[in-house]
Structures are given as C-alpha cells and as structure tokens.
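In what follows, a structure is listed as structure tokens, so that the remarks can point back to it.
The values are calculated or read from the model by the stated rules, or taken from the named source; none is laboratory data. Remember, predicted model here, so these are calculated numbers, not experimental data. For neighbour counting, all protein chains shown are included, and Cβ atoms are generated from backbone atoms with ideal geometry for every residue, glycine included.
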Amino acid sequence: MAINAPIKREFSALASSMKPSAIRLLLKVANQPDIISFGGGLPNPESFPIDDIRRIFDEQISRNGKKMLQYGATEGLDTLNVALSKMLRDREGIKSEPSDIIQTTGSQEALYIIGKIMANPGEYVITEAPTYVGTISALRGSGIRMIGVEMDRYGMKMDALRETLKKYPNPKFIYVIPNFQNPTGITMSIERRKELIEIANERGIMIVEDNPYGALRFSGPQIPNLRSMDGNVVYLGTFSKVLSPGLRLGYVVSPPDIRDKINIAKQALDLASSTVSEYIAEGYITGGYMDKQIPKIIELYKQKRDLMIECFQNYFPKDVEYTRPNGGMFLWVTRKGADTDKMFDEAVKQKVLYVVGSAFYPDEDNHESMRLNFTYSSNENIVEGVKRLGKLFEITAK
Ligand SMILES: Cc1ncc(COP(=O)(O)O)c(C=O)c1O
C-alpha cells in the first residue's frame, strides 16, 4: 500500500471559482512594519471591556458553569433571547418576542443562511451599490446573483430601485444596511425607509435589514429601524461592534416561518453558537454593562471620525470628496476619474492601506472610491496615514 502517494485533487466547480477577498489579501500586507492600515474593518481594541468580561465570565461560570460549557440549543440561550427582546424594544423600538429571535455565529452566518434558505442558485437579490463585501461573498458562494442599486447621501435611491424592479421584478429579497453603511458610512433617510417599505409591501418582497453599527451613533437624531416600522422585515444584529467580534455572536429577528428554517439550516452548519459567548453576552446586557460601554465606544470613535475628517480637509486635494458619517466605522472617499485599484501598488509603497472601492460593487466596475476605517488606528497614525494618502492622490493625479 503506497503511503503519501500524490493525489490528483479536483475541487468542486464552486471551490474552483473562489478567489481570496480583496480584504484578506490586504491583511497580509497590513502586517508589514510601518504600514498604516485603514483597510480592515476592525473595532479599536480599546473599546473592548476586558475587565467587565472577566467579571461577567467569573460570575457566569460560577453560577452556570455546567450549562455554559455544554452544547446549547440551536436558537441560543433562552435568557439571552429574553434580554435581546427587551433590549431591542428599549434601544431600537423593535417589538419582538424572545421566540422571534435566533442567535447566530456572527451576523455573517445569518447572511449566509438567509441566502441559502431564500434563494436558489441563479436567482437574484437586490442590494445597495456599493454594499458589504461579506454579503457579496456569502451570497455569491451560494450561486446567488446580486443586482446593485445606486445610492446617494440619503441611501439607496428609490427611483433607481423602481427602475431596477422593472427589469428584475422577482428578487428573493432586498438587502440594506440603513445605519452608517459599510462601506460608505451613509445612513438611509426616514423618507427613503418609508418608501422602501412601501415598495416592498406593494410587491410582496422581503426586506433584510443588517444593522451592526446602529448603536454607534455619534451625531444626528436616531432614525427608526425598518423592523420597527414593519414586522415582516428580517433584522440582523451582532455583538461584534458593541462588545467583541471575537465572541462571534449575532442574532436574527424574523417571522416564525423564516426563524424555523434558519434553525434547521444552522443545525447543519454548526449545531449552535458558542454557549460561552452567549452567557457572556447575556451578562453584558442584563448586568447593565452594555449601557455603560456603548457611550464610551461612541466617544472614542467620534473623536477619531472628527480627526480623520479634519485631516482630509488639511491634506487632501480639493477635488477629493468624502462622506461625513454620523456613526459607525467607515468613511468613503471618492475622486472622480481616479482608479483606486491602480493606485493601490503606490499606496503600499507609501505604506498606507485602504480597501479598493471596486470590492464593494456586486455587479459593476467602479474604481473611483476607497473605503477607510477610522476606528482602529491611533490618532497619530490617522494624521500620518491621511498625509500619506494626500501625497498618494498628488502622485497619482489623474
Ligand atoms: C454590514 C455588515 N454585516 C455583517 C457583518 C458581520 O459581522 P459579524 O459576523 O462579526 O457579526 C459586518 C462586519 O463587519 C458588517 O459590516
């Protein structure tokens, strides 16, 4: 019997078509010394409430250790679903029963599952253009097509959506990130939200609302979430940006038939989310830690947003445009006629990184923009990094 004989490996058609994402490639370069990276979408480690987590962990393991270290129910820890239902009502005005909620391994898992249970390969969904790159990967990985709808500073354009629906009348759902969108930082106006719900209801189309950043509002009035305006909306939340992405814990609020299908699909993927994470998240909400921590995260990020925008004003050529988000983690920088993919090699030489805007377009080529994360870098690096970007724009003048 030959051992370790060479094997001719043939991957599936899907695996053969997979390419590493622009962001994963970028993270490799990001580890080089002296590089300033505005690329990754990372929370600032200073925002992690390490002492609180230690205290919550000690309390939970003493009280619930045997359950905390055991497999849990697929829908997640019941007391966390109770806490989430109350938190969603108090913070977001969302009315939901604990039984409407299912916990997921980050909202990334929820996006993947929702694609799988709602659409067959070759069918299509509508997204904002640009949209979250992880959604593009999750849906594309299931053979689902995405049709992007143009945005302006008030979010997805509703006239453009109506036009798109003439050509593509049967999307499996419309996916939006109404608050401080990744990648643009744009927030959908209340008028657009109402119109979106109207359009979706007229045509019987499901809306998926992804809201990882909603709690991180630094300025401007809170705008009601789609789910608080319409009980048919499927709502995705996560602890990644208000506690820690390392817990890998998200949740979905949805009508019962959808929740049941998510439950079955999740059993095949990972049986259940991490019970350790669920107990920590439960203690974080019910112990009042979360209400104390969110204002601290907001304070930290707000001053970083302000600093980055001030640096744009000081160091960018005047024809460079940028969004001014009221919260979240990202800024979207655009220069008409620029090609940020082509500029990227020079950016690496200048030792500053961004994510190329083209990565966020599901179905078109658009190279004029870049996404910058303002939450991760130190203040010093924000100043120095924007100076380097300013130089990059000058060197690569159109
Ligand atoms: C819009 C959006 N949705 C979903 C996710 C996934 O978050 P997680 O899986 O960490 O909950 C992210 C992460 O950056 C995001 O920006």
Look through the stretch 129-138, keep the residues that are within 10 Å of the ligand (Cβ to nearest atom) and not in a helix (DSSP H, G or I), and return whichever of them is surrounded by the fewest Cβ atoms within 10 Å (Cβ to Cβ).
Y132
For the stretch 234-261, which positions are away from the ligand (no atom under 14 Å from the Cβ) and surrounded by fewer than 24 Cβ atoms within 10 Å (Cβ to Cβ)?
P255, P256, D257, I258, R259, D260, K261
Write out, first by first residue and then by second, each pair whose Cβ atoms fall under 7 Å of each other, whose residues are 6+ apart or on separate chains, and whose first residue, in the stretch 24-48, is of a type in the set (F, W, Y) while the second is outside any helix (DSSP H, G or I).
F38/L353; F38/Y354; F38/L372; F38/N373; F38/S377; F48/S244
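Hey, can you tell me all the residues within the stretch 111-128 that are away from the ligand (no atom under 14 Å from the Cβ) and not in a helix (DSSP H, G or I)?
A119, N120, P121, G122, E123, Y124, V125, I126
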Positions within the stretch 139-157 being crowded, with 20+ Cβ neighbours inside 10 Å and under 18 Å from I186 (Cα atoms), in sequence order:
G148, V149, M151, G155, M156
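Each row is one residue, and each column tells you yes or no for (1) at pLDDT 95 or above; (2) surrounded by fewer than 20 Cβ atoms within 10 Å (Cβ to Cβ).
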residue: E364; (1), (2): no, yes
residue: S369; (1), (2): yes, no
residue: N373; (1), (2): yes, no
residue: E380; (1), (2): yes, yes
residue: V383; (1), (2): yes, yes
residue: V386; (1), (2): yes, no
residue: L389; (1), (2): yes, no
residue: T396; (1), (2): no, yes
Checking K172 against (1) without any contact (Cβ under 8 Å) to a residue 24 or more places away in the chain; (2) assigned to a loop (DSSP other than H, G, I, E, B), which single condition isn't satisfied?
(1)
Could you look through the stretch 103-128, keep only residues that are small (G, A, S) and under 27 Å from Y354 (Cα atoms), and pick out the one that is surrounded by the fewest Cβ atoms within 10 Å (Cβ to Cβ)?
G106
Scan the stretch 370-386 residue by residue and report those that are closer than 17 Å to P245 by Cβ and outside any loop (DSSP other than H, G, I, E, B).
N373
